[in-house]
Structure formats: structure tokens, C-alpha cells
Amino acid sequence: MTLNTDLPIQFSRTHRLQWEEAQQKNVILYPEGMVELNQSSAEILKLCDGTRNLAQIVNELEQKFSTSGLTNDINAFLEIALQNGWITQH
Amino acid sequence: MAGLLNTNPTPPRWLLAELTYACPLQCPYCSNPIDYAKYQTELTTDDWKRVLTQARKMGAVQLGFSGGEPLTRQDLAELVKHARDLGYYSNLITSGYGLTEEKIIQLKEAGLDHIQVSIQASSQELNDHIAGTKSFEHKKEVAHLVKKHGYPMVLCVVIHRENIHQMPEILAMAEELGADYLELANTQYYGWAHTNRDLLLPTKAQFEKAEAIAQAFKESVAGKMKIYYVVPDFYEDRPKACMNGWGTTFLTIAPDGVALPCHSARELPGLDCPNVNDYSIEEIWNQSKAFNFFRGHDWMKEPCRSCDEKDKDFGGCHCQAYLLTGDMYNADPVCSKSPHHGVIQEAIDAAAKNSLSDNEKPLVFRNSKNSKLLS
């Protein structure tokens, strides 16, 4: 299973992404588990709403943080997210 | 309140809400205490809401509604709604008994995140025998309904000598039911399972064969189904890091409001576990004697005290040390460094001998009658 760069990316319906006040970080919650996210991972996942593909997510984050060259890092993270079932593509 | 003052423990992350000891099933490995029948009182709806609110404020986020059978509580949907409003990720840990499609929809609307259905075996005959209740077909139907209504489906099968030979069929059943997660929980020998150990503990050969089948399956379904495999620690030479460390992560509230650092801790002597009717969750977690009992290293005896693995397993399981050596301060005897390690082999031998005996003793089923008889 590898990321299809053309298709939109959706955060999994069977996981939950939320801000944890006590931990001061975003986490992914799923049966029997929790993953703590750093800020950049959380920013990427928040854009996985089923309307944007890889290029659109990269574009949006590069604009937001006034930077460029994020494609490889974001692609690598989304591959991991896909392997872990945090995101889906249809 | 009395007890040590620990100024800076990590906050609870996981809350197990044992709503009731009532259960229509009679599984002979139930983790509820043997003497559960003497604890008749149950927290009210408002008590539970207060507990959920207080624990959430401290940082608890994973929540299990358990029991007994939590579906016997009429206020379950109300508690689920309260939990969702607070931001918990909540799990219903159920036998499936009494779970209708209407209820599944109602709980989904209330904000329940997932449902963990237990099945006792891959065949109706054995499932119904172990559960002590006719329940197999209904459980399979419930599993389908859970899936149909968009929950992640978690199937839990407790593994022991009576069903370990069914491992291939159990895995096929999980695949057929479309489980997203499969928990293969080798029996942990506390509570009722301790009483029935001679009948439940598999041989090493049985365990190794089943494990090889499960591992091969795990690889074949990677990406589709996640397998949680709970290792039977009697066949390990190092203990498990029980509860991720005492009073570091897990908080269990028993049906009558007693707060426990682990769901078996009620069996340990002299802990004086506090009740949520008397103290706030914050007081209990930070200040109570019970939650501070095995924090840190000061309680340790040898071989744990000087062991370079003490920060890895925290001395293992105190309930196991107590049940098998009579002293909860001892190292978990599963550890090969423990001077009591021989009791593990004795238990394995006793179970094997019993299985070969002509007059194998019968399973003691978990019900109120047996609870009263044994306590």
C-alpha cells in the first residue's frame, strides 16, 4: 500500500484526532491506543479532510508557514500515516 | 488524607470504569475478584459523571466501560454521552449479550467510539459451554451490527487450554466477521482464572503451536487487521511491565467506587484502596496510600532492587507475586531471577498432570453462588 499522489486523502473515520489540553499536544486515538503527535504531523493530518491530495496539502502548508520544499517530508509522513491506518484514500 | 505524599506522579491516561459486577455470562477466567458477590452497591449515575469529569480534567483520555456486563446499566447511554462531551475516546467492553441494533445506534449517537465484543471460542458448543450461557450466534450477529454501524470492530478472544486448539478457526472467524482489531488474550491467572488454572493453563507445546499460527496470520493480514497478542507470561522468563508501572497510567474504578491501580489489586492485602465517594480522583491518584504503594523503587526487595531491568518491568506484577509467593513485595516469580521462579514450573506441571488425570476436576464458573462459596 503506497500513497496515490493524485487522490484526495481522508483522515480515518475509525480514528480520532484531537487536542489534549493536559498533554498540550494533538493525539490520535484508536482502539487500545494513542499516538502523540508533534506540531507538524498534526498540521498535515488536519488537512486530510477528503478534499485535498498531496500537492494541495503541500501547497497549503508551504503558504501557511511561508516556506518551500516540504513535499518529501510530507510525503514520507503520509506514507507512514497510511501504513498505520490513520488516513485513507478512495 | 493518610499516606505518602508523592508530589509529582504522571497523570492517569486510561480509565477503566467497571460499571457493575452483574453479568449474564459465567466465564471461568473472569478478571473480577472471586468475592465480587459481597460488593453489592453500585455508584449512581451522578457519581460516575463526577468520576469521569475529575479523571478527564487530570488527563485521562482512553475510557473503557466494563464490568461485569456494562449493558446491564440502564444509564449507559447517558454516561457515554457525558464521556463524549468531555472528550474521552470511549470503548464498550461487552459480551454482546443483550446488545440490540437499536442500542448500537443509540450508543453511536451518544458518542461511543468503539465496541469490543468477546467471543469465547470458534464453535457454538464450546463458546456456550465456556460462557455458561447460550450466546454464540447472537455474538456473531452483534459483531456484524457493530461493523454495519461504522464502529471499528474489536474482537476479543481469551485463549486457554479448552480453546487453544481452535486457533486456526478463531482467526478465520475474525476474518469472516471483518474484525479491524483482534485481541488474542492468553489467560492471565488472577481472580477466577487463578482458581481454574489447572484446567486453563495450556502446555508449552500447545502455546508454541498456537503462537506460530497466530504470528503467521498476523503477517498475512497486515494493513487489514491489527492483532494484539497478549503473551502468557508463565512461558516467559521476564515479567510484564504490569500496568505500565503502578500508578503511572491506569486507573480502575470498581462498581462500588473503590479506586484501584489495577483491576486485580483488590486481591492485595493492606492497600486500603480509597473510594470515590470519599475522595476526589486527584486526591486518590496523587496522595492515596494505595496509588503510591509501588511507585518508584523504594518498595523493592532483591533481586529487583539491584536489577538493571527494574525500570523496564518495575518488578512485574504484584498480584502475581502475592498469589504465587504469598508476598506482594517479592519479584514477580515469572522472572527467572526470582528465588521463587520454581513455582511457575510447578503450576505448569500441575496443570499438565490434571489434564492427563482420569478424574479431571470441573471448571468453577463465575457466578454469585460460587463467589459466595469461595469467599
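The values are calculated or read from the model by the stated rules, or taken from the named source; none is laboratory data. Small disclaimer: the values here were computed from a predicted structure and weren't measured. Every residue, glycine as well, gets a Cβ built from its backbone with ideal geometry; the counts of neighbours run over all protein chains shown.
Quick notes on this one:
- Within region B:234-247, considering residues that are modelled with pLDDT of 90 or more and assigned to a helix (DSSP H, G or I), the one nearest to the other protein chains (Cβ to nearest Cβ): B:Asn244
- Taking the criterion of being more than 14 Å from chain B (Cβ to nearest Cβ) and either within 27 Å of B:Met153 (Cα to Cα) or buried (at least 17 other Cβ atoms within 10 Å of the Cβ) (or both), the residues of region A:29-52 that qualify are A:Ser41, A:Ala42, A:Glu43, A:Ile44, A:Leu45, A:Lys46, A:Leu47, A:Cys48, A:Asp49, A:Gly50, A:Thr51.
- B:Asp298 being within 20 Å of B:Cys273 (Cα to Cα), among the charged types (D, E, K, R), assigned to a loop (DSSP other than H, G, I, E, B) and out of contact with any Cys (no Cβ under 6 Å at 6 or more places or on another chain): yes
- Residue identified as touching a residue at least 24 places away in the same chain (Cβ under 8 Å) and within 14 Å of chain A (Cβ to nearest Cβ) among B:Leu92, B:Leu145: B:Leu92
- Residue within region A:18-28 that is closer than 30 Å to B:Leu182 by Cα, within 14 Å of chain B (Cβ to nearest Cβ) and basic (Lys, Arg) present: yes
- Verdict on B:Phe250 being modelled with pLDDT of 95 or more, within 14 Å of chain A (Cβ to nearest Cβ) and touching a helix residue (DSSP H, G or I) at 6+ places or on another chain (Cβ under 7 Å): yes
- Counted as qualifying within region B:27-135 are the strands (runs of 3 or more DSSP E) with 1 or more residues that are touching a Pro at 6+ places or on another chain (Cβ under 7 Å) and either surrounded by fewer than 18 Cβ atoms within 10 Å (Cβ to Cβ) or of a type in the set (A, V, I, L, M, F, W, C) (or both), namely B:89-94.
- Scope region B:259-272; condition closer than 18 Å to B:Gly67 by Cβ and outside any helix (DSSP H, G or I); matching residues: B:Ala259, B:Leu260, B:Cys262, B:His263, B:Ser264
- Scope region A:27-42; condition in contact with a helix residue (DSSP H, G or I) (Cβ under 8 Å, 6 or more places away or on another chain), of a type outside the set (Ser, Thr, Tyr) and outside any loop (DSSP other than H, G, I, E, B); matching residues: A:Ile28
- Leading residue by the ranking (farthest from B:Glu208 (Cα to Cα)) among those in region B:148-185 that are of a type in the set (D, E, K, R), away from chain A (no Cβ under 14 Å) and not in a helix (DSSP H, G or I): B:Glu162
- Top-ranked residue of region B:214-230 - restricted to ones that are surrounded by fewer than 14 Cβ atoms within 10 Å (Cβ to Cβ) and not polar (S, T, N, Q), ranked as nearest to the other protein chains (Cβ to nearest Cβ): B:Gly223
- When the residues of region B:354-375 are filtered to those that are in contact (Cβ under 8 Å) with a residue 40 or more places away in the chain and farther than 27 Å from B:Ala22 by Cβ, the one that is surrounded by the fewest Cβ atoms within 10 Å (Cβ to Cβ) is B:Lys361.
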